[in-house]
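A quick write-up on the structure given underneath.
The values are calculated or read from the model by the stated rules, or taken from the named source; none is laboratory data. No experiment lies behind these values; they were computed from the predicted model shown. Positions of Cβ are backbone-derived with ideal geometry, glycine not excepted, and every protein chain shown enters the neighbour counts. Each accessible area value is taken on the protein alone, full model and side chains, heavy atoms only, with ligands, DNA and RNA left out. Shrake-Rupley method; radii C 1.70, N 1.55, O 1.52, S 1.80 Å.
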Amino acid sequence: MLYGYAGKILTINLNTGKASADHIPEDLARDYLGGRGFVARLLYDRLDPGTDPLGPENIIVVATGPLSGHLLPGSGKTHFGALSPATGGYGDSNLGGHFGPTLKYAGYDCMIIEGKADQLSTIIIDNETVKIVPDQGLKGKGAIEAEQELKERLGEDYQLLTIGPAGENKVAFACISHDFGRQAGRTGVAAVLGSKNIKAVAVRGTKKIPVFDAKRAQEKGEEMYKVCFGKPGFKTWTPFGTASITDWANEVGAFPTRNFQTSYAEFHEKINGQAIVDRLLVTDKGCFGCPTPCGKYGHTTTALGSAYVEGPEYESIATLGGSCCLEEIEEVAYANYVCDQLGIDTISAGVVVSFAMECFEKGVISAEEVGREISFGSLEDTVYLLEKIAAREGIGDVLAEGVKQAAAIFGDGSESYAIHVKGLEWSGYECRNAPGMMLSYMTADVGAHHNRSWALGYDVSQSDADVSELIEAGTGGKLEISTPDGKVDHVISMQHSRPLFDALGICRLQSMEIGFETFHYEEVFELITGRRLSWQEMLAISERIWQLTRQFNVKHIEGFGRDWDYPPRRFMEEPVPSGPNEGRYISKEILDKMLDEYYEKRGWDKNGIPKPQTLARFGLD
Amino acid sequence: MKLTVKEERCSGCNVCRVVCALHNAGAVQPSQALLKIKGEFPDPGTYKIAYCNQCGICADSCPEDAILERDGEYNIDYELCTQCLICIDSCPFDVMVVTESEYPAKCTGCGKCVELCPRQAVLADQG
């Protein structure tokens, strides 16, 4: 028996309308743990080169980890993956909330959705019973609106995934929504769900998950919570959640502003965590098992209307607030709400909209093409563009493909400031004085996303301080030039440690933000699964997954290699014009040296392709 | 221990339910928890906590007098219980459950939910 796991993979074939449940292969659990590991391995095995990301042959894998749903801090994570319509390569994203644990209580660690339904439908899972129900009435409904309607129809016990109009219209950065404000935002997984005619997935689960030593696992779980309660960051970080970092990101000149033209926003104190608490907050909203809830559920009122909305999280503050220059927290929150209803990832949305604003400012696109004049700082223009994107109307149809594709169409030098890697828009950290963070973005398997390695703290402090300690310490007004020395090793190390949480099915924030020690996870993992693995041994599994996702990109992206690992030219050629990092940038020459060292340490060739002996070393040959 | 709540502190994390089921049913199975959290979203954005306040209505409903009061807490005497499950439906807060072995279960006042609630939203009623 696989202790800790629910034990089954549920496969739902939309072509036949049938579902089947199979045992989790023991070698899959042994070699890939779960979550991101299951997603990566199953996608790699099941998808052939040449697969159309939006065709019925693409699959969606939804996977929990061995620790999901158990008694320990942050055990509510669920991972989603598919061949990405944003990058054409490996795509994954995760969310918290309550879906994954409930899927496990229904008896499934993992769900594979394949084929295509002949009309818009909802998948309803009630323990062993799986139904695919045509649901045309939900067509065009907002993601939050659809969740509310389904919750009323099915009952409180059901946990839901929904997509908005953007997912139905296959926008490359459409997100999966859950629990009225949590999203699997990145890489366009909702566009894949939309391409399969699935508007929602509902699950109810009432069963138990087998535990190797339930009594001691309970004792250990209780101890873990109590250790969390005692961390200094528990009290200082929790009140503001991820928005805690807004002021610090400005202090260190890493806050994307005006489509990443600069890295400091004068108005940052109007859109920081304190502004959320003072002006928006209704309640803290936690994911399953979470002692330190990031979710700041609030209510906003603007000239365009009022809305309840979860967040904004830091990333939304950075991209909608900083990059689009929305200078008031109410406006950031409202744009966040519009994204949530339309079912658009706030990170990509902010980067795409601010890219369009800069293109307009530079005369690359005209008022006629856009349908109106647009400018940074306008909530009305931001919402106008978001709605055009979700509906794929006019300019929105071009922007719906993301900045890489849009720049290829707009031309006129706009690719220099199309802020992405591999076709995925850059998240909320500007890096022209952060070589480690820059390399993190360049080499992340999904494209420019921060959750694989967040090396910014190390760039600034040269230490492994957790985020609450970094904020507490500040810079004292001194911000030296950050050199590449030692950064490659640090990035590689983080690319194993952070994604390991995604394979275990738990949240990394207790560890990364308030310094919760990793040995606790070793102990609870053994008590829950009966399998003894040191953290180092788990990191080795995470490294295997990293090699696999790189090889996935080699397999699926024609001509994939080094050229796919560069940031936009802006970051290599334009000095930062203002703020703490004024005058700084990182040349291509420096980045090439870092890439050479990175590839060598990874066991990849000069073009960034894993060598045969490297693949053999990880059992991937 | 008799419970009380401060719903405005609740963040909906469900730690109380996980530890309740683990402690009282011996399983990672929150459907067996003896309290419930309901999120009211998107509007007004609040959590409601259903919990046993030891009102004793279950005891009044029991035809076998198998639910006994002691120091303000009601507990099921499983020697007397005939598994009629009338008490389940009588609970005004819907926080009793049927166990795997088809017996009723109710809050035992163990206090595990109070001990682990990260938000101090579930508390011991000091009277």
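Among the residues of region A:200-222, those that are of a type in the set (D, E, K, R) and touching a residue at least 40 places away in the same chain (Cβ under 8 Å) comprise A:Arg204, A:Lys207, A:Lys208, A:Asp213, A:Arg216, A:Lys220, A:Glu222. Considering region A:61-96, the residues that are of a type in the set (A, V, I, L, M) and more than 10 Å from chain B (Cβ to nearest Cβ) include one that is farthest from the chain's Cα centre (by Cα), namely A:Leu67.
Yes/no matrix, rows are residues, columns are (1) open to solvent by 10 Å² or more (accessible area, probe 1.4 Å); (2) modelled with pLDDT of 95 or more; (3) over 24 Å from A:Ile209 (Cα atoms):
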site	(1), (2), (3)
A:Asp45	yes, yes, yes
A:Thr51	yes, yes, yes
A:Gly55	no, yes, yes
A:Pro66	no, yes, no
A:Phe80	no, yes, no
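Of all residue pairs spaced 6 or more apart or on separate chains, those with beta-carbon atoms under 8 Å, a first member in region A:180-199 that is within 14 Å of chain B (Cβ to nearest Cβ) and a second member that is assigned to a helix (DSSP H, G or I) are A:Phe180/A:Ile144; A:Phe180/A:Glu147; A:Phe180/A:Gln148; A:Gly181/A:Ile144; A:Gly181/A:Asp340. When region B:52-83 is limited to residues that are within 16 Å of B:Val98 (Cα to Cα) and in contact with a Lys or Arg (Cβ under 9 Å, 6 or more places away or on another chain), the one that is most open to solvent (accessible area, probe 1.4 Å) turns out to be B:Asn75. Within region A:97-129, the residues that satisfy the criterion of being over 23 Å from the mean Cα position of the chain (by Cα) and within 30 Å of A:Ala448 (Cα to Cα) are A:Gly115, A:Lys116. For region A:260-274, the candidate set comprises residues that are in a helix (DSSP H, G or I) and touching a Phe, Trp or Tyr at 6+ places or on another chain (Cβ under 9 Å); within that set, the residue that is most open to solvent (accessible area, probe 1.4 Å) is A:Gln274. Just need a number here: residues in region A:222-238 that are more than 11 Å from chain B (Cβ to nearest Cβ), aliphatic (A, V, I, L, M) and surrounded by 20 or more Cβ atoms within 10 Å (Cβ to Cβ). Number satisfying all stated conditions: 0.
Scanning region A:200-214 for residues that are aliphatic (A, V, I, L, M), facing chain B (nearest Cβ under 8 Å) and touching a strand residue (DSSP E or B) at 6+ places or on another chain (Cβ under 7 Å) yields A:Ile209, A:Val211. All of B:Asp43, B:Asp77 fail the test of being under 24 Å from A:Lys151 (Cα atoms) and in contact with a strand residue (DSSP E or B) (Cβ under 9 Å, 6 or more places away or on another chain), apart from B:Asp43. Selection of region A:275-295 for residues being facing another protein chain (nearest Cβ under 8 Å), at negative phi and not in a strand (DSSP E or B) yields A:Gly286, A:Cys287, A:Phe288, A:Cys290, A:Pro291, A:Thr292, A:Pro293.
Suppose we keep only residues that are assigned to a strand (DSSP E or B) and under 25 Å from A:Tyr3 (Cβ atoms) within region A:97-117. Which one would you say is farthest from the other protein chains (Cβ to nearest Cβ)?
The qualifying residue farthest from the other protein chains (Cβ to nearest Cβ) is A:Ile112.
With respect to the stated conditions, A:Ala217 is in a helix (DSSP H, G or I) and within 14 Å of another protein chain (Cβ to nearest Cβ).
Results for (1) surrounded by fewer than 24 Cβ atoms within 10 Å (Cβ to Cβ); (2) free of Cβ contacts under 8 Å to residues at least 60 places away in the same chain; (3) under 30 Å from A:Glu573 (Cβ atoms), shown as yes or no for each residue.
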position	(1), (2), (3)
A:Phe240	yes, yes, no
A:Ala243	no, no, no
A:Arg258	yes, no, yes
A:Asp278	yes, yes, no
A:Gly289	no, no, no
A:His299	yes, yes, no
A:Tyr314	no, no, yes
A:Leu320	no, no, yes
A:Ser323	no, no, yes
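Within region A:375-394, track down each residue that is within 22 Å of A:Gly188 (Cα to Cα) and open to solvent by 10 Å² or more (accessible area, probe 1.4 Å).
Within region A:375-394, A:Val383, A:Tyr384, A:Glu387, A:Lys388, A:Ala391, A:Arg392, A:Glu393, A:Gly394 meet the criteria.
Scan region B:111-124 and give yes if some residue there is at pLDDT 95 or above, at positive phi and open to solvent by less than 30 Å² (accessible area, probe 1.4 Å), otherwise no. Yes, because at least one residue in region B:111-124 is at pLDDT 95 or above, at positive phi and open to solvent by less than 30 Å² (accessible area, probe 1.4 Å).
Taken together, the residues in region A:328-371 that are under 16 Å from the mean Cα position of the chain (by Cα) and in a helix (DSSP H, G or I) amount to 9.
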